[in-house]
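Inspection log for the structure reproduced underneath, given as structure tokens.
The values are calculated or read from the model by the stated rules, or taken from the named source; none is laboratory data. The shown structure was predicted, so the numbers you read here are calculated from the model rather than taken from an experiment. Positions of Cβ are backbone-derived with ideal geometry, glycine not excepted, and every protein chain shown enters the neighbour counts. Each accessible area value is taken on the protein alone, full model and side chains, heavy atoms only, with ligands, DNA and RNA left out. Shrake-Rupley method; radii C 1.70, N 1.55, O 1.52, S 1.80 Å.
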Amino acid sequence: MKMRSCSIQKSAVTLCLLSILTVFVAPTSIAATISYSFDFSVPPAAEVGSGAGNELQYYDTETSTKLARVTSWYLGTAPDATIDEATGHFLSSGTNIGVGVCNPEEANCLTKENQRGITETAGTDWLLIMFDETMNISEFVITPDTGDKKPKAQWADVTFYTGFLDSSADLLGASYGDLTSSLGLTDFSVLNGAKTDTDVTVDVTTLAGGDIWGNAILIGPADNPLGGSDRFLLNNVSTVVPIPAAAWLLLSALSVLFGQKKLSDRKSD
């Protein structure tokens, strides 16, 4: 956005101030709702590391400048299990498209039809998405892993946590209780209660009753109320630019303006 220039003559200061306010205040709501979409229905831009804990990197589709780092985790089936590293992978096979999780307790999970998505089978799978800056997380889309040979609808109930993490390594060795206590994340669940073969959009803003700010979102399956195993792939995450950034820009502009007005007043005395 090109900022209007103004004379610092005393008679024009008021008009200049109103002009600048028109530029910055009116579009602030527009700037605050510019969305960034991270499309997980395409292969990642990069894969960092290999084996357990590998990182899939995605850039936003709007500017290709905002980065999301996707790491994979799971909670084992042992009574005293804590969260451990898994292996993330991108899947594109028929209608099954997105990022899934392969954990060490699943046998041949990269090839076996019913164990390649995000599931509760042999432990609970999790995907952690960390952004390179604070984002207002608005929604994400999941795709039921319906299978290739005999596609059929699946349960796609979701649990997710949002908030701030210093790094993905914070999850290693954590329990479920740690996620909300020591790590300070906020948890949500979406229980559909029915099988589906179409994409499911999870509206984070509506569920939270307002804006959710953070640099991280942890997504996994929920406990299905009907006893079925949830199975899905992560397809897309949408965010919006931070409102504080727009507000800071406005304050900076006003600071410059009032400084110019003070200088003009001194010169006219």
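Can you find a residue in the stretch 213-225 that is modelled with pLDDT under 75 and either loosely packed, with under 13 Cβ neighbours inside 10 Å or under 30 Å from Thr124 (Cα atoms) (or both)? Within the stretch 213-225, one or more residues are modelled with pLDDT under 75 and either loosely packed, with under 13 Cβ neighbours inside 10 Å or under 30 Å from Thr124 (Cα atoms) (or both). Counting the residues of the stretch 132-174 that are open to solvent by less than 10 Å² (accessible area, probe 1.4 Å), assigned to a strand (DSSP E or B) and hydrophobic (A, V, I, L, M, F, W, C) gives 6. Residues in the stretch 120-127: is at least one in a strand (DSSP E or B), charged (D, E, K, R), under 30 Å from Asp80 (Cβ atoms) and out of contact with any Lys or Arg (no Cβ under 8 Å at 6 or more places or on another chain)? Checked the stretch 120-127: at least one residue is in a strand (DSSP E or B), charged (D, E, K, R), under 30 Å from Asp80 (Cβ atoms) and out of contact with any Lys or Arg (no Cβ under 8 Å at 6 or more places or on another chain). Somewhere in the stretch 29-40, is a residue modelled with pLDDT of 75 or more, within 20 Å of Asn215 (Cα to Cα), assigned to a loop (DSSP other than H, G, I, E, B) and open to solvent by 40 Å² or more (accessible area, probe 1.4 Å)? Yes. Listed conditions (1) farther than 22 Å from Ala81 by Cβ; (2) loosely packed, with under 13 Cβ neighbours inside 10 Å are all met by Leu207, apart from (2).
Only one of these is touching a residue at least 24 places away in the same chain (Cβ under 8 Å), over 15 Å from the mean Cα position of the chain (by Cα) and buried (at least 18 other Cβ atoms within 10 Å of the Cβ): Asp84, Asp60. Name it. The conditions single out Asp84. Of all residues in the stretch 191-210, those that are touching a residue at least 12 places away in the same chain (Cβ under 8 Å) have Cβ atoms under 6 Å from Cβ atoms of residues that are open to solvent by 60 Å² or more (accessible area, probe 1.4 Å) and part of a loop (DSSP other than H, G, I, E, B), 6 or more apart or on another chain, in Leu191/Pro225; Gly193/Pro225.
I'd like to verify a number: residues in the stretch 215-240 that are touching a residue at least 24 places away in the same chain (Cβ under 8 Å), of a type outside the set (Asp, Glu) and over 14 Å from Tyr36 (Cβ atoms), how many?
From the stretch 215-240, those touching a residue at least 24 places away in the same chain (Cβ under 8 Å) are 215-226, 228-240; that's our starting set.
Add one more test, that the residue is of a type outside the set (Asp, Glu), and what stays is 215-222, 224-226, 228-229, 231-240.
If we keep only those that are over 14 Å from Tyr36 (Cβ atoms) as well, we get 216, 218-222, 224-226, 228-229, 231-235.
The qualifying residues number 16.
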